[in-house]
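Novice: Have a look at this one.
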Amino acid sequence: MADTNNERLSEQLPTRYGDIEVPPRPPENQPIYEPPVHEIPDISEYDLPYIQSQVQEELEARFGSEVKLQRPPDHIDSDYAVRLFKPLAEAGPEVVNQKINELTASLSDESVVKGLSLESPYLNIRLSPEVVGTSVIRTIEALGEKYGSFNAGDGATVIFDTSSPNIAKQMTVAHLRSTVIGEALGRLYQNCGYRVIRDNHLGDWGSQFGILGHAYELWGDQVPELRDGGDPIKGLLELYVRINSEIEDEEAVSETGSELRRKGLEWFGKLERGDPKARELWRWALDISMVEAGQIYKRLGSNFEYILGESEYVQMLPQIVEALKGVGLASKDDLDRVVVGFDENSNIKSLPIQKSDGTSLYATRDLATLAARSVWFKPEKVIYVVGGEQKHYFQQVFETFNRYSDAVGETPPETEHVYFGMVKLPEGKMSTRKGNVIFLEDVLDEAVARARKIVQEHAGESSVEFSEAEIDKIAEDVGVGAVVYSELRQGRTRGIEFKWDEVLSFKGNSGPYLQYTNARINAIFRKLEEGQEIDFDTPFKISDDLEAKLALKLGELPEAIQDAVTKNEPSLLSEYLYGLCSAFNSFYKNNPVLSAEDPQVRTSRLRLCLATTTVLRRGMYLLGIPIPEKM
RNA sequence: GCGCCCGUAGCUCAGCGGAUAGAGUACUUGGCUUCGAACCAAGUGGUCGGGGGUUCGAAUCCCUCCGGGCGUACCA
C-alpha cells in the first residue's frame, strides 16, 4: 500500500527535460494495452518465413550470399524463385545443374519442397501444398486469434500522434485519413509486441481560435444555430467562415492589413494569458466539439489512450522559448519574433517559435509536447500521422528538438513523420474557411444509407433472414467498413481526390467484399449441424489447385503484417486480405464444402473455411473494419 | 525561383533493376433446382507523360523537358 502511494507520489512530481519543467502527466483516456510479448512467437517461427530461411540457407551454401529468394510473377506456376544470372554466367550451366541436383536431394529431406526446375535464368521452387498447407492450417488452429501476432517490439513504447482535429469545427473527410491510418497502425504495432499510445493531439489552441473567439463576441448573437436547440458547431463554423471571408476582403483593399485579424490575434493573446471570459468560451467550444467528435470516433472504432490537445502544454510554452534561447538555438529576429535558425545550406528554413506579441505558435506547442511525451512515456519512437504538406515543418521541429536534446544531454525518442497525401475535392483543395468541405458525418451517414438500401434488397431475395434490428446494425457496419477500407486501400503517400462513388464502393476491392466473404463462411458454420464437430485428427487433404492456393495464402498473413508495420503502410495488409478473399471465393465457388461426399475432403474444406475466417477476422480487426456476422 | 511529391488501361490504383507490366471499376459475354450472385469465370483495353543516358536487362536508376499537386506564414 505504501509502495503504491509512493509510486503515485513520485509520478505526480514535476520532472524535467533539459531545462524544461514538465508538469504531471494528465489522466489517460483509456488503458494502455500491454502486449503479451512472451506469449507470442517470433516471426521466424511461422511456417512460410521458416521455410524461406531454410531454403535461403541451402541456396547460399551453394550459390553464395548474393542469391535471393523472391516471389515469381503471377503467370509462373511456382511459389518461390531465385535468379541465377551470375552463377550461370560465371560457373556455367553444367555446374549450376549439378548444384541444383544436390539441392534437390538436400531439400527433399524436408519434404516441404515439391520440386525445383531451372527455367534459365530462374530456378523455380514449388512447395508441397499438402505438407505446407497442413502445417499452416495447424498453426492457425493452434494460435487462433493470436495467429499473425509476433514479437518485434518487445514491449517498447510507440506514440502515435493521430487524428488531431481542430475544435470548434466539424470533422471533414480530411481528418479521416489520419484517424483511420493511425488506428490501423496502432493495432498493427500492438500486434507486433509494441506498447502503443495513440494520442489525439487536438488542435485546440492557436491564432485561428482567437479569430473565432473574436467573431463570436462580435456576431455570436446573430447566429440562429447558436441559440437553444441549434447545432452550435455549425454556428461556430458559420462564424469562422464569415470572419475569414471579411478578413480576406479587408486585406484585399488595405495595405496595413486586416483590423479583424489584429483583433483576433489580440483575443488569442487574452486566451493564452488566461483571461477568464476567453477561457470560458474556449472551454465550451472544446466540450461541444469533443461530444461531436466522440460520436464519430465511436462509429469508426477509434481508440485513443490519451487525448491531450495543444492546450495541455500552455504552461510550458514560455520555458520552451527560454530553454531554446538558453542553449543558443533560438534568438530574437529583426521583427521581434523568436526564431530557431538553421544552416543556410541545410534546406531547412528558420522556425519561428514566438510571435512579436509574445504568443505561441504551432511549433512551440509541438516542441513542448515532444518534451512532455519524452518524460511521461519514455517512448522509443513518436510517429506523427499527419498530412504530407507538413513535411518541411516536421523536419524543422524534429531537428530543433534533437539539437536541443543534444545540447542538454538528453536522449530524444526517434521521431518519424508518417505522412499521407492530401484529400481534395474534384473542385480543388478543401477549405473550412471557404466552406468548401465534405463533413465526415455526412460521408458516414450516406454510406450507411446506401448500405441499408442494399441490405434491404438482399433481405427480400436471399435465403438469409434479417430482422429490422439486424438491418440497422449491418448497414452501419457495411457503410463504415466501406469508408474505412477506401482510406486504407491505396498507398498512404498518394493524394486522394474524394469521389463519392469510390468511397462508397460496395463491390470488387472494397470493405464489403471482405465482410461478405466472412459472412459466407459464417453461413457455412451456421448450417453445420449440432454434433457435427470438425474432426481435427483426420489428415488434412488438398484436393485441387484452388485449395492449394488458399492454403498457402493463409500462411502469408504474418509477412503481410510485417511489411505493413515496417513500412507503416496499412494498405499492404488490405491488399493481402483482398487476395485472400479472392482465393477463398474462387475455392468456394467450385468446391462444395458441406455437401462434399468424401468425409476427409469435407473435413479438410471445413478446416480451410475455419482458417480463412480466423485470418480474415484478424486482418479486418487490425485494419479497423467492422465484422458483421451476416449481411 | 528553390525544395518535396506525383504523371502506368476510359476512370481509380498496384508494381519501383530482372520472366508475357497487374488489380478494381467501366464495357461485352457466360454462370444461381448444389454451402449467400455484395460472388465466380472469360474477353476488349497499355509505344508505363516526352526525349536522352547508365545497364546483359529500365515503368523502376541518372539527366532534361512537359504537365499536375504541396511547401517555402508572426496559419495549423
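Novice: What do you reckon, is A:HIS417 within 11 Å of RNA strand B (Cβ to nearest atom) and within 30 Å of A:LYS325 (Cβ to Cβ)?
Specialist: yes
Novice: Only one of A:LEU572, A:LEU577 is more than 17 Å from A:THR134 (Cα to Cα) and away from RNA strand B (no atom under 11 Å from the Cβ). Can you tell me which? It would help to see each step written out before you state the result.
Specialist: Working: A:LEU572 fails: away from RNA strand B (no atom under 11 Å from the Cβ).
Within the list A:LEU572, A:LEU577, the selection yields A:LEU577.
Novice: While we're looking at this one, here's another question. Could you tell me which of the residues A:THR359, A:THR364 is closer than 15 Å to A:ASN402 by Cα, among the polar types (S, T, N, Q) and within 11 Å of RNA strand B (Cβ to nearest atom)? Steps first, please.
Specialist: Working: A:THR359 fails: closer than 15 Å to A:ASN402 by Cα.
The conditions single out A:THR364.
Novice: Determine the pairs where a residue that is open to solvent by 50 Å² or more (accessible area, probe 1.4 Å), located within region A:562-576, has a partner that is in a helix (DSSP H, G or I) and within 11 Å of RNA strand B (Cβ to nearest atom) with Cβ atoms under 9 Å apart, the partner being 6 or more residues away or on another chain.
Specialist: Here the result reads A:ASP563/A:LEU572; A:ASP563/A:TYR576, each pair linking region A:562-576 to a residue that is in a helix (DSSP H, G or I) and within 11 Å of RNA strand B (Cβ to nearest atom).
Novice: Something else: Could you figure out which of (1) touching a Leu at 6+ places or on another chain (Cβ under 8 Å); (2) without any contact (Cβ under 8 Å) to a residue 24 or more places away in the chain isn't true of A:GLU225?
Specialist: (1)
Novice: Report yes if A:ARG433 is open to solvent by 50 Å² or more (accessible area, probe 1.4 Å) and either within 12 Å of RNA strand B (Cβ to nearest atom) or touching a Lys or Arg at 6+ places or on another chain (Cβ under 9 Å) (or both), otherwise no. Walk me through how you get there before you give the answer.
Specialist: Numbers: open to solvent by 50 Å² or more (accessible area, probe 1.4 Å): yes; either within 12 Å of RNA strand B (Cβ to nearest atom) or touching a Lys or Arg at 6+ places or on another chain (Cβ under 9 Å) (or both): yes.
The answer is yes for A:ARG433.
Novice: Does A:TYR362 fit the bill of being of a type outside the set (Lys, Arg) and either open to solvent by 20 Å² or more (accessible area, probe 1.4 Å) or without any contact (Cβ under 8 Å) to a residue 24 or more places away in the chain (or both)?
Specialist: Working: of a type outside the set (Lys, Arg): yes; either open to solvent by 20 Å² or more (accessible area, probe 1.4 Å) or without any contact (Cβ under 8 Å) to a residue 24 or more places away in the chain (or both): yes.
Yes.
Novice: Regarding A:VAL478, is this residue surrounded by 14 or more Cβ atoms within 10 Å (Cβ to Cβ) and more than 7 Å from RNA strand B (Cβ to nearest atom)? Explain how you work it out, then say what you get.
Specialist: Values: surrounded by 14 or more Cβ atoms within 10 Å (Cβ to Cβ): yes; more than 7 Å from RNA strand B (Cβ to nearest atom): no.
So A:VAL478 fails the test.
Novice: Let me ask another. Can you tell which of A:LEU557, A:LEU546, A:LEU552 is aliphatic (A, V, I, L, M), farther than 28 Å from A:VAL386 by Cβ, more than 10 Å from RNA strand B (Cβ to nearest atom) and surrounded by fewer than 21 Cβ atoms within 10 Å (Cβ to Cβ)?
Specialist: Details: A:LEU557 fails: surrounded by fewer than 21 Cβ atoms within 10 Å (Cβ to Cβ); A:LEU546 fails: more than 10 Å from RNA strand B (Cβ to nearest atom).
Testing whether each residue is aliphatic (A, V, I, L, M), farther than 28 Å from A:VAL386 by Cβ, more than 10 Å from RNA strand B (Cβ to nearest atom) and surrounded by fewer than 21 Cβ atoms within 10 Å (Cβ to Cβ) leaves just A:LEU552.
This table checks each residue for (1) part of a helix (DSSP H, G or I); (2) at pLDDT 95 or above.
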residue: A:LEU552; (1), (2): yes, yes
residue: A:VAL565; (1), (2): yes, yes
residue: A:TYR588; (1), (2): yes, yes
residue: A:THR613; (1), (2): yes, yes
residue: A:ILE625; (1), (2): no, yes
residue: A:LYS630; (1), (2): no, no
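Novice: I would also like to ask the following. Considering every residue within region A:582-590, establish whether at least one is out of contact with any Phe, Trp or Tyr (no Cβ under 7 Å at 6 or more places or on another chain) and away from RNA strand B (no atom under 13 Å from the Cβ). I'd like the intermediate steps shown before the answer.
Specialist: At the first step, the residues of region A:582-590 found to be out of contact with any Phe, Trp or Tyr (no Cβ under 7 Å at 6 or more places or on another chain) are A:582-590.
Right, trim to away from RNA strand B (no atom under 13 Å from the Cβ) and you get none.
Within region A:582-590, not a single residue is out of contact with any Phe, Trp or Tyr (no Cβ under 7 Å at 6 or more places or on another chain) and away from RNA strand B (no atom under 13 Å from the Cβ).
Novice: Any residue at all in region A:117-124 that's open to solvent by less than 50 Å² (accessible area, probe 1.4 Å), hydrophobic (A, V, I, L, M, F, W, C) and within 16 Å of RNA strand B (Cβ to nearest atom)?
Specialist: First, the residues of region A:117-124 that are open to solvent by less than 50 Å² (accessible area, probe 1.4 Å): A:117, A:121, A:123-124.
Those still in the list that are hydrophobic (A, V, I, L, M, F, W, C) too: A:123.
After this cut, where a residue has to be within 16 Å of RNA strand B (Cβ to nearest atom) as well, the list is A:123.
The answer is yes, given that some residue of region A:117-124 is open to solvent by less than 50 Å² (accessible area, probe 1.4 Å), hydrophobic (A, V, I, L, M, F, W, C) and within 16 Å of RNA strand B (Cβ to nearest atom).
Novice: Quick one: in region A:612-631, of everything that is over 13 Å from the mean Cα position of the chain (by Cα) and within 13 Å of RNA strand B (Cβ to nearest atom), which residue is farthest from A:SER302 (Cα to Cα)?
Specialist: For region A:612-631, the residue satisfying everything is A:THR612.
Novice: Listed residues A:GLY203, A:GLY148; which is closer than 27 Å to A:GLU414 by Cβ, within 16 Å of RNA strand B (Cβ to nearest atom) and not acidic (Asp, Glu)? Walk me through how you get there before you give the answer.
Specialist: Values: A:GLY148 fails: within 16 Å of RNA strand B (Cβ to nearest atom).
Answer to the check: A:GLY203.
Novice: Output yes when any residue across region A:127-134 is within 16 Å of RNA strand B (Cβ to nearest atom), surrounded by fewer than 18 Cβ atoms within 10 Å (Cβ to Cβ), in a strand (DSSP E or B) and more than 20 Å from the chain's Cα centre (by Cα), and no when none is.
Specialist: If we filter region A:127-134 for residues that are within 16 Å of RNA strand B (Cβ to nearest atom), which is where we start, we get A:127.
Pick out the ones that are also surrounded by fewer than 18 Cβ atoms within 10 Å (Cβ to Cβ) and you get none.
Among the residues of region A:127-134, not one is within 16 Å of RNA strand B (Cβ to nearest atom), surrounded by fewer than 18 Cβ atoms within 10 Å (Cβ to Cβ), in a strand (DSSP E or B) and more than 20 Å from the chain's Cα centre (by Cα), which makes the answer no.
Novice: Only one of these is buried (at least 16 other Cβ atoms within 10 Å of the Cβ) and among the small types (Gly, Ala, Ser): A:ALA105, A:ALA81, A:ALA89, A:ALA61. Name it. Step through it out loud before you land on a result.
Specialist: Numbers: A:ALA105 fails: buried (at least 16 other Cβ atoms within 10 Å of the Cβ); A:ALA89 fails: buried (at least 16 other Cβ atoms within 10 Å of the Cβ); A:ALA61 fails: buried (at least 16 other Cβ atoms within 10 Å of the Cβ).
None of the others qualify; the one that does is A:ALA81.
Novice: Using the structure shown, decide if A:ARG283 is of a type in the set (Lys, Arg) and without any contact (Cβ under 8 Å) to a residue 40 or more places away in the chain.
Specialist: Numbers: of a type in the set (Lys, Arg): yes; without any contact (Cβ under 8 Å) to a residue 40 or more places away in the chain: yes.
In short, yes.
Novice: Where residues in region A:591-609 are part of a loop (DSSP other than H, G, I, E, B) and not aliphatic (A, V, I, L, M), which of them is farthest from RNA strand B (Cβ to nearest atom)? Can you show your working first?
Specialist: To start, the set of residues in region A:591-609 that are part of a loop (DSSP other than H, G, I, E, B) comprises A:591-598.
Narrowing further to those that are not aliphatic (A, V, I, L, M): A:591-592, A:595, A:597-598.
Numbers: A:ASN591: 5, A:PRO592: 4, A:SER595: 5, A:GLU597: 11, A:ASP598: 14 Å.
Within region A:591-609, the match that is farthest from RNA strand B (Cβ to nearest atom) is A:ASP598.
Novice: A further question on this structure: Among A:GLU225, A:GLU248, A:GLU272, which is the only one that is under 28 Å from A:ASN29 (Cα atoms), open to solvent by 10 Å² or more (accessible area, probe 1.4 Å) and of a type in the set (Asp, Glu)? Please lay out each step first, then the result.
Specialist: Details: A:GLU225 fails: under 28 Å from A:ASN29 (Cα atoms); A:GLU248 fails: under 28 Å from A:ASN29 (Cα atoms).
Answer to the check: A:GLU272.
Novice: Quick one: how many residues across region A:249-262 are in a helix (DSSP H, G or I) and either modelled with pLDDT of 95 or more or among the acidic types (Asp, Glu) (or both)? Show your work before the answer.
Specialist: Kept after step one, since they are in a helix (DSSP H, G or I), are these residues of region A:249-262: A:249-253, A:259-262.
From what's left, either modelled with pLDDT of 95 or more or among the acidic types (Asp, Glu) (or both): A:249-251, A:259.
So the answer is 4.
Novice: Go through (1) open to solvent by less than 40 Å² (accessible area, probe 1.4 Å); (2) not in a loop (DSSP other than H, G, I, E, B) one by one and return the number of the condition A:LEU308 breaks.
Specialist: Only one criterion in (1) open to solvent by less than 40 Å² (accessible area, probe 1.4 Å); (2) not in a loop (DSSP other than H, G, I, E, B) is unmet by A:LEU308, namely (2).
Novice: For region A:490-521, give me the residue count where each residue is more than 6 Å from RNA strand B (Cβ to nearest atom) and either at pLDDT 90 or above or loosely packed, with under 12 Cβ neighbours inside 10 Å (or both).
Specialist: Result for region A:490-521: 9.
Novice: Counting just the residues of region A:367-402 that are among the charged types (D, E, K, R) and either open to solvent by less than 20 Å² (accessible area, probe 1.4 Å) or closer than 24 Å to A:ILE211 by Cα (or both), which one comes out nearest to RNA strand B (Cβ to nearest atom)? If you could, list the steps in order and put the result at the bottom.
Specialist: Within region A:367-402, the subset among the charged types (D, E, K, R) is A:373, A:378, A:380-381, A:389, A:391, A:399.
Subset that is either open to solvent by less than 20 Å² (accessible area, probe 1.4 Å) or closer than 24 Å to A:ILE211 by Cα (or both): A:373, A:389.
Working: A:ARG373: 17, A:GLU389: 3 Å.
Among residues in region A:367-402 that are among the charged types (D, E, K, R) and either open to solvent by less than 20 Å² (accessible area, probe 1.4 Å) or closer than 24 Å to A:ILE211 by Cα (or both), the one nearest to RNA strand B (Cβ to nearest atom) is A:GLU389.
Novice: Among the residues of region A:196-216, which ones are buried (at least 24 other Cβ atoms within 10 Å of the Cβ), among the aromatic types (Phe, Trp, Tyr) and not in a loop (DSSP other than H, G, I, E, B)?
Specialist: Matches in region A:196-216: A:PHE209 only.
Novice: I'd like to check something: does region A:267-274 contain any residue that is within 15 Å of RNA strand B (Cβ to nearest atom), basic (Lys, Arg), more than 22 Å from A:MET430 (Cβ to Cβ) and assigned to a helix (DSSP H, G or I)?
Specialist: Looking through region A:267-274, at least one residue is within 15 Å of RNA strand B (Cβ to nearest atom), basic (Lys, Arg), more than 22 Å from A:MET430 (Cβ to Cβ) and assigned to a helix (DSSP H, G or I).
Novice: May I pose another question? Which one is farthest from A:TYR17 (Cα to Cα), of the residues in region A:329-349 that are open to solvent by 60 Å² or more (accessible area, probe 1.4 Å) and more than 13 Å from RNA strand B (Cβ to nearest atom)? Reasoning before the result, please.
Specialist: Here is the first cut: in region A:329-349, the ones open to solvent by 60 Å² or more (accessible area, probe 1.4 Å) are A:331-332, A:334-337, A:343-345, A:347, A:349.
When the remaining residues are screened for being more than 13 Å from RNA strand B (Cβ to nearest atom), the result is A:331, A:343.
Numbers: A:SER331: 20, A:ASP343: 25 Å.
The selected residue is A:ASP343.
The values are calculated or read from the model by the stated rules, or taken from the named source; none is laboratory data. All values derive from a computational prediction rather than experimental measurement. With ideal geometry, Cβ positions are generated from the backbone for all residues, glycine too; neighbour counts draw on all protein chains shown. We work out accessible area using only protein heavy atoms, side chains counted, and drop any ligands, DNA or RNA first. Shrake-Rupley method; radii C 1.70, N 1.55, O 1.52, S 1.80 Å.
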